[in-house]
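A quick write-up on the structure given underneath.
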Amino acid sequence: MSIAVGLVLGIGLLLVASTWLWPSTDEIVREAPRVARVRERIVQAGLPRVSVATVVVVSVVLGTAAAAITLAFVPVLVLAAASGLIALAVPTVVISLRARASRRAQRVVWPDVVDHLVSAVRSGLALPESVVTLAHSGPQPTRDAFAAFETDYRSSGNFSDCLDRLKSRLVDPVADRIIETLRMSREVGGNELTTVLRNLAAYLRQDAAIRSEVEARQGWVLNAARLGVAAPWVVLVLLATRTEAALAYNTGIGTAVILGGLVVSVIAYRVMIGIGRLPEERRWFQ
């Protein structure tokens with residue numbers, strides 16, 4: 001009986017916490033700006049069911065585990081703390097890399113999305129039906145979002161609300177511009193929609209080509225930054241496995257050397273990344 005009561009209590013607590021652990025991606029939630037930005041990155045990374053709280057918990061667990069494992073093999077307290085801090089940032093870094101890769105892949109397909117919209121509008125379809133066609137004939141990376149839009153529109157018929165939910169799924173500044181263009185054309189009317197969309201497609205193709213060329217040229221800067229930051233720490237870990245080196249690093253001077261190296265590594269890495277990476281376009285229509 002006590003086991004059954006415990007299971008029921010655990011299920012109840014899980015259901016209560018599910019609102020924060022697995023929030024609905026279809027709801028527009030008012031969040032703090034920083035939390036909202038983190039949430040956008042998670043959605044861009046293709047993990048819409050993962051909450052910010054889950055990322056924080058995983059980061060803390062990884063950081064604690066990394067610090068404990070490092071301390072077990074390399075008995076240097078400050079080095080264990082540094083490895084814990086690095087592991088603490090691993091989930092955030094992985095999410096950022098996935099989000100950046102997703103945006104890079106989507107940047108190539110947006111001109112095709114616009115071309116499909118232009119073709120659908122010129123064939124005489126209404127704007128909602130033109131958007132729905134992207135769920136079947138649009139580029140593969142965006143079909144799931146437009147398929148969800150089709151389901152929403154078939155069930156509610158509210159074009160504006162469905163566009164808002166579509167923006168929250170795509171989480172992309174280019175998608176925001178396309179969606180707001182469609183919204184304005186729907187509400188205001190006019191015959192220049194196809195002209196505007198064609199100009200937008202031409203601009204997007206030119207921008208994607210320039211970005212690809214610059215990123216290819218600056219790729220060596222990013223690789224040099226990663227190698228330059230990782231190499232000294234690999235050497236430090238190898239040295240710290242020796243007993244006399246571990247004793248030296250556990251002194252005050254050794255701790256200051258490691259902490260100073262950590263600060264310099266972080267600053268140098270951020271500077272190199274800032275030099276070698278193009279600025280990302282901001283979302284103005286959220």
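What ranking, highest mean first, results for peptides 192-199, 164-171 when packing means the other Cβ atoms within 10 Å averaged over each residue?
Ranking, from highest mean packing down: 164-171, 192-199.
Calculate the FRET efficiency for I275 and A36 from the Cβ-Cβ distance with a Förster distance of 30 Å, rounded to the nearest 0.05.
E between I275 and A36, to the nearest 0.05, is 0.60.
Could you state the accessible area per residue of region 135-175 in Å², with a 1.4 Å probe and every protein chain left in place?
41 Å²
Give me the net charge of V55's neighbourhood, meaning all other residues with Cβ under 10 Å from the Cβ of V55; Lys, Arg count +1, Asp, Glu -1.
Overall, the nearby charge balance is +2.
Only helices at least 20 Å long along their own axis, judged from Cα atoms, and with Kyte-Doolittle mean hydropathy of -1.0 or greater: name those in the chain from DSSP H.
Membrane-span-like by this rule: 2-21, 52-73, 90-122, 173-188, 193-240, 252-276.
At A101 and L222, where each label point lies 7 Å from the Cα along Cα→Cβ, what is the point-to-point distance in nanometres?
Here the modelled spin labels are 1.1 nm apart.
Which of the following values of Rg and Dmax of the Cα atoms in Å was calculated from the structure shown: [x] 19.3, 54; [y] 24.7, 79; [z] 18.5, 64?
[y]
Order the peptides 254-266, 106-118 from the highest to the lowest mean number of other Cβ atoms within 10 Å of their residues.
106-118, 254-266
Using alpha-carbon pairs under 8 Å, 6+ residues apart, how would you state the relative contact order of the chain in percent?
20 percent
State, in angstrom, two size descriptors of region 183-286 derived from its alpha carbons: Rg to one decimal place and Dmax to the nearest whole number.
24.6, 79
Would you give the gap between the C-alpha center of region 228-248 and the C-alpha center of region 51-94, rounded to a whole Å?
18 Å
In whole percent, how big is the carbon plus sulfur part of the accessible area of the chain, probe 1.4 Å, protein atoms only?
In the chain, the share of accessible area belonging to carbon and sulfur is 67 percent.
Starting from the Cα of I69, step 7 Å along the direction of its Cβ; do the same at I267; then give the gap between the two resulting points in nm.
With each label placed 7 Å out from Cα toward Cβ, I get 3.1 nm.
For E187 and V94 in one chain, what is 0.36 nm times their gap in residues minus the Cα-Cα distance, to one decimal in nm?
Result: 29.4 nm gained on full extension.
Identify which of A175, A105, A135 has the largest mean-square fluctuation in a Gaussian network model of the chain, with springs joining Cα atoms closer than 10 Å.
Its mean-square fluctuation being the largest, the pick is A105.
Calculated FRET efficiency, A202 and S155, Cβ-Cβ r, R0 25 Å, to nearest 0.05?
So the FRET efficiency works out to roughly 0.10.
Rolling a 1.4 Å sphere over the protein heavy atoms, what is the accessible area per residue of region 89-132, to the nearest Å²?
Roughly 45 Å² per residue, with all protein chains present.
The values are calculated or read from the model by the stated rules, or taken from the named source; none is laboratory data. Here the structure is a predicted model, which means the values were calculated and not measured. When we count neighbours, we look across all protein chains shown, and the Cβ atoms used for this are built from the backbone with ideal geometry, even at glycine. Calculation scope for accessible area: heavy atoms of the full protein, side chains included, ligands and nucleic acids excluded. Shrake-Rupley method; radii C 1.70, N 1.55, O 1.52, S 1.80 Å.
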